[in-house]
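Heads up: the structure comes next, in structure tokens.
The values are calculated or read from the model by the stated rules, or taken from the named source; none is laboratory data. Given the structure is predicted, the values throughout are model-derived calculations rather than measurements. Neighbour counts are summed over all protein chains in view; Cβ atoms, including those assigned to glycine, are modelled from backbone coordinates with ideal geometry.
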């Protein structure tokens with residue numbers, strides 16, 4: 001749902017403006033603020049699609065208010081209403097980068113027309129920015145794919161989701177953007193043949209059908225991760241793609257981290273003895289196999305603790321830890337706190353940051 005914020009210190013004018021917008025723009029949520037501080041607080045979370053501010057005159061205080069508004073919500077269009085003279089208002093509007101203004105008193109139809117136009121323009125601009133971001137991350141994923149770097153591909157997909165969820169809490173926008181990114185992954189897999197395309201298209205259709213508007217970011221990441229796994233499985237099985245032995249081994253390990261891959265299994269995949277593989281692995285990564293696998297598991301655990309409400313015991317199970325206590329000790333050794341403390345600490349920090 002789109003949201004409009006109305007700032008007016010006059011209670012009666014504020015209520016009249018809210019009533020006009022509510023009746024004239026069905027489906028749009030109208031919020032009101034009686035003070036600059038309240039308005040800035042509401043604008044800070046980035047979910048306001050239009051800010052309508054009543055500015056009696058452009059003195060220093062009101063100019064500073066507009067400057068602060070542009071700072072905390074640079075992408076939110078601003079419509080100013082004022083009783084000032086047109087020539088004075090126009091000069092300040094241009095200097096402060098405000099999108100439009102109306103002289104009071106103004107007809108309700110003028111207010112509705114201006115609000116609709118600014119919201120439509122902001123929506124088109126937001127769509128363009130999102131398309132550019134999505135294409136940038138798909139290009140990044142494509143480049144890593146051509147370099148046969150599975151871990152980098154999953155990191156790019158996660159970074160895209162992080163930036164998407166950071167920019168908006170509108171689940172409709174998130175769903176449409178995530179589906180478009182998944183469609184991009186299907187397109188990247190086209191050169192891999194019909195079998196890969198069938199699997200990727202199946203993942204995409206299931207994603208479209210099952211995506212819950214209250215779904216979590218981590219669930220979407222798992223879909224992207226599975227699609228990338230399909231792509232790299234084909235690359236791994238095909239001898240057409242000239243992947244170095246080192247990168248092929250790393251891809252195999254990274255794709256099987258959560259499954260509890262062992263040194264012996266990795267060595268067997270590399271067609272080496274366990275002893276020789278251990279030396280080989282440390283040479284190409286600079287760390288021993290157990291440390292690498294543990295670090296990657298803890299990274300996955302951190303994501304799951306922040307992006308899901310999955311109990312710690314279930315997270316341990318998902319990462320192939322047979323004992324929760326062992327998982328908690330490994331996590332604390334790496335991160336410095338227990339999994340529960342990590343989840344609670346980050347949640348409290350995020351709450352304080354949003355409240356401040």
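Looking for something in contact with a helix residue (DSSP H, G or I) (Cβ under 8 Å, 6 or more places away or on another chain), more than 30 Å from residue 15 (Cβ to Cβ), free of Cβ contacts under 8 Å to residues at least 60 places away in the same chain and in a helix (DSSP H, G or I) - is there at least one such residue anywhere in segment 117-128?
No; the residues of segment 117-128 include none that is in contact with a helix residue (DSSP H, G or I) (Cβ under 8 Å, 6 or more places away or on another chain), more than 30 Å from residue 15 (Cβ to Cβ), free of Cβ contacts under 8 Å to residues at least 60 places away in the same chain and in a helix (DSSP H, G or I).
Suppose the filter is surrounded by 13 or more Cβ atoms within 10 Å (Cβ to Cβ) and over 17 Å from the mean Cα position of the chain (by Cα); does residue 115 pass it?
Spelling it out, residue 115 is indeed surrounded by 13 or more Cβ atoms within 10 Å (Cβ to Cβ) and over 17 Å from the mean Cα position of the chain (by Cα).
Would you say residue 21 is modelled with pLDDT of 85 or more, under 20 Å from residue 168 (Cα atoms) and touching a strand residue (DSSP E or B) at 6+ places or on another chain (Cβ under 6 Å)?
Considered against the rule, which asks whether it is modelled with pLDDT of 85 or more, under 20 Å from residue 168 (Cα atoms) and touching a strand residue (DSSP E or B) at 6+ places or on another chain (Cβ under 6 Å), residue 21 comes out as no.
Which condition number in (1) touching a strand residue (DSSP E or B) at 6+ places or on another chain (Cβ under 9 Å); (2) modelled with pLDDT under 80; (3) under 13 Å from residue 4 (Cα atoms) is the one that residue 46 fails?
All conditions are met except number (1).
Please determine whether any residue of segment 201-213 is under 30 Å from residue 73 (Cα atoms), surrounded by 17 or more Cβ atoms within 10 Å (Cβ to Cβ) and in contact (Cβ under 8 Å) with a residue 24 or more places away in the chain.
Within segment 201-213, one or more residues are under 30 Å from residue 73 (Cα atoms), surrounded by 17 or more Cβ atoms within 10 Å (Cβ to Cβ) and in contact (Cβ under 8 Å) with a residue 24 or more places away in the chain.
I need the full set of residues from segment 166-187 which are surrounded by fewer than 17 Cβ atoms within 10 Å (Cβ to Cβ) and within 10 Å of the chain's Cα centre (by Cα), in order please.
166, 168, 169
Could you figure out which of (1) more than 24 Å from residue 159 (Cα to Cα); (2) in contact with a helix residue (DSSP H, G or I) (Cβ under 9 Å, 6 or more places away or on another chain) isn't true of residue 286?
Evaluating residue 286 over (1) more than 24 Å from residue 159 (Cα to Cα); (2) in contact with a helix residue (DSSP H, G or I) (Cβ under 9 Å, 6 or more places away or on another chain) leaves (2) as the failure.
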